[in-house]
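The block underneath contains the structure these notes are about, expressed in structure tokens.
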């Protein structure tokens, strides 16, 4: 069959930055190669990160901070003795776009990894057919599209984080309580998260007494040159703009290019940007955002819980800075993976349980009844599983369970964020606990 030169060239262009990203990852401690930094990269670097003598898990993340949370959890698990008598080898990758995420995920699956962490709804949905074919469960910290609750997934997809069905009404209330009544919604064209955000915010805001007067879709991957889209936004005369652009730095660029319009009212941000320091760091001049910016998100752990405090202390000690949004749920993802793998091994009598066996163990370690266990005592939790005891994991994020769809139930922390323009940071002092389902 003749080769397609354009396709081959495109593949090479994607492969080169992927190799560079994996080289950086290896230097930062991802995977289990342990080779000298001068050793040339192998032809298949992800396959080379698999350790045949370890329990291998994979993560296709979207931020270095969530990758760091994966590696922190894996280190603590290994310090507690590992899983099934083996080292837990976390192959923690960061994908810069959906194509790269698909390539990374496919290579992890082809390498025989039996459980994955994948960030964002679109990436989970893209990888799901491959995961179903191999019977590999996917745990996700940042996939809020309602589609994940209804898609045919063979019970393989689990969130540690909320669906937009639950998050968006809180966001609408933030806008309405600020006195806003005319909203424009800005999303990425073709993005599962953006589609869900728009479809849920519109009725939630209307139920409160507001109105969505326009939705503007910006092409995925466009990083600048938004003026044609901003004209559509401001022609609608909104008093609140819901900025649902998926990437936090690009969401900030939208605000930067809107500065000449002298918009006097509120920018509203969902969890992809609200609370995300990357968003703030990419703002050209926060003091020029006359109406301010605020938002809400269920992306940070319960401030007062012992498990979140222990996670925060460990994260700061390891990385020298505060944990970012989505890091606590990502940390819990890895802890639950380890507990489920331990239980699957016990149930199957295997030191190498398969993906479906791990899937069948997930609710047994996450949901009650059972002994309450926590990540700061992961060694005791793994020991309880080895002894055949039922456990109920209470994490750094929240003390939650999974329902029949893999969605979370229980008390969930929603943080209300206000942009402190002078300090160039988010004020995240207000947190409310909402019990799901409502």
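Observations
- Evaluation of residue 426 against (1) more than 23 Å from residue 310 (Cα to Cα); (2) part of a strand (DSSP E or B) (one fails), failing number: (1)
- For the stretch 368-385, a tally of residues being surrounded by fewer than 18 Cβ atoms within 10 Å (Cβ to Cβ), without any contact (Cβ under 8 Å) to a residue 60 or more places away in the chain and not in a loop (DSSP other than H, G, I, E, B) returns 5.
- Any chance residue 345 is without any contact (Cβ under 8 Å) to a residue 24 or more places away in the chain, over 17 Å from residue 256 (Cβ atoms), surrounded by fewer than 24 Cβ atoms within 10 Å (Cβ to Cβ) and not assigned by TED's automatic domain parsing to the domain that holds residue 432: no
- Unique match (being over 18 Å from residue 184 (Cα atoms) and within 23 Å of the chain's Cα centre (by Cα)) among 295, 275: 275
- Qualifying residue in the stretch 354-367 (condition: without any contact (Cβ under 8 Å) to a residue 60 or more places away in the chain and either assigned to a loop (DSSP other than H, G, I, E, B) or surrounded by fewer than 16 Cβ atoms within 10 Å (Cβ to Cβ) (or both)): yes
Each row is one residue, and each column tells you yes or no for (1) over 19 Å from residue 57 (Cα atoms); (2) part of a helix (DSSP H, G or I); (3) outside the structural domain of residue 46 (by TED's automatic domain parsing); (4) over 13 Å from the mean Cα position of the chain (by Cα).
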| site | (1), (2), (3), (4) |
| --- | --- |
| 106 | no, yes, no, yes |
| 112 | no, no, no, yes |
| 123 | no, yes, no, no |
| 154 | yes, no, no, yes |
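- Condition met for residue 333 (outside any strand (DSSP E or B), touching a helix residue (DSSP H, G or I) at 6+ places or on another chain (Cβ under 7 Å) and not assigned by TED's automatic domain parsing to the domain that holds residue 198): no
- Among the conditions (1) at positive phi; (2) surrounded by fewer than 24 Cβ atoms within 10 Å (Cβ to Cβ), residue 76 misses just one, which is (1).
The values are calculated or read from the model by the stated rules, or taken from the named source; none is laboratory data. Just so it is clear, the structure is predicted and the values come from calculations on it, not from any experiment. Here Cβ is always computed from backbone atoms with ideal geometry, including for glycine, and neighbour counts include all displayed protein chains.
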